[in-house]
Amino acid sequence: MQSTETEPQSRLTERPPVVVVVDDDPAVRGSLKFSLELEGFVVRAYGRSAELLRAGDFGGCDCLVIDQRMPETSGMELIGQLRSQKIFPPAILLISQSSPALTARAAKAGIPIVEKPLFGNALIDQIRDACRR
């Protein structure tokens with residue numbers, strides 16, 4: 001009986017998952033932020049890898065969603081930089097066109113790939129899965 005009394009309290013104290021999005025396209029970044037917030041995530045969005053690295057915004061980060069094709073640093077390079085700094089939140093790579101080499105590198109690193117354009121719930125499902133890990 002005591003567990004049912006504390007169950008509603010634990011739901012009240014649970015924080016929503018925090019997702020950090022890095023995408024250089026303002027339209028994509030804005031729509032990702034909007035749609036993920038509708039799903040109940042807290043979203044912190046950045047337009048460039050350097051912005052994220054400068055901000056050091058990893059506290060409470062449950063998942064990274066990173067575009068592969070960005071002007072300064074690719075998504076895989078950014079994830080590599082973060083891991084070399086001992087920053088290990090789960091990451092999801094967004095790509096427009098995959099190559100077998102990139103797919104193999106991402107798989108070896110344990111990074112799921114979601115292809116653009118985004119259809120259905122593929123990204124949401126991957127984020128939820130990453131947040132559960």
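Multiplying the sequence separation of Arg15 and Arg44 by 0.36 nm and subtracting their Cα-Cα distance, what value in nm do you get?
9.0 nm is the gain from fully extending Arg15 to Arg44.
Run the numbers on the chain and let me know its relative contact order in percent, using alpha-carbon pairs under 8 Å that are six or more apart.
RCO, the chain: 20 percent.
Could you pull out every residue, at least 5 positions away or on a different chain, whose amide H is within less than 5 Å of the one on Val21? Hs are placed 1.01 Å off N in the peptide plane, and Pro or chain starts have none.
Arg44, Ala45, Tyr46, Val65
What number, rounded to the nearest 500 deg cm²/dmol, is the helix-based mean residue ellipticity at 222 nm of the chain, given -39500 (n - 2.57) per DSSP H run of at least four residues and division by all its residues?
-14000 deg cm²/dmol
Between Arg128 and Ser98, what is the spin-label point distance in nm, taking each point 7 Å from the Cα along the Cα→C-beta axis?
Roughly 2.1 nm, to one decimal.
Once both labels are modelled 7 Å past Cα along the beta-carbon direction, what's the Ala107-Asn121 spacing in nm?
My value for the distance between the label points is 2.6 nm.
As an exercise, use a Förster radius of 30 Å and the Cβ-Cβ distance of Glu37 and Gln85 to find the FRET efficiency, rounded to the nearest 0.05.
0.65
Given the chain reduced to its alpha-carbon atoms as identical point scatterers, what log10 I(q)/I(0) does the Debye formula return at q = 0.12 Å⁻¹?
-0.47
Give the lysines whose C-alpha is closer than 19 Å to that of Lys108, dropping any in the same chain fewer than 8 places away, or say none.
Lys86
All of the numbers you see were taken from the coordinates with simple rules; none came from a lab. Every value quoted in this text rests on a predicted model; they were computed, and no experiment measured them. Positions of Cβ are generated from backbone atoms using ideal geometry, with glycine treated the same way; all protein chains shown enter the neighbour counts.
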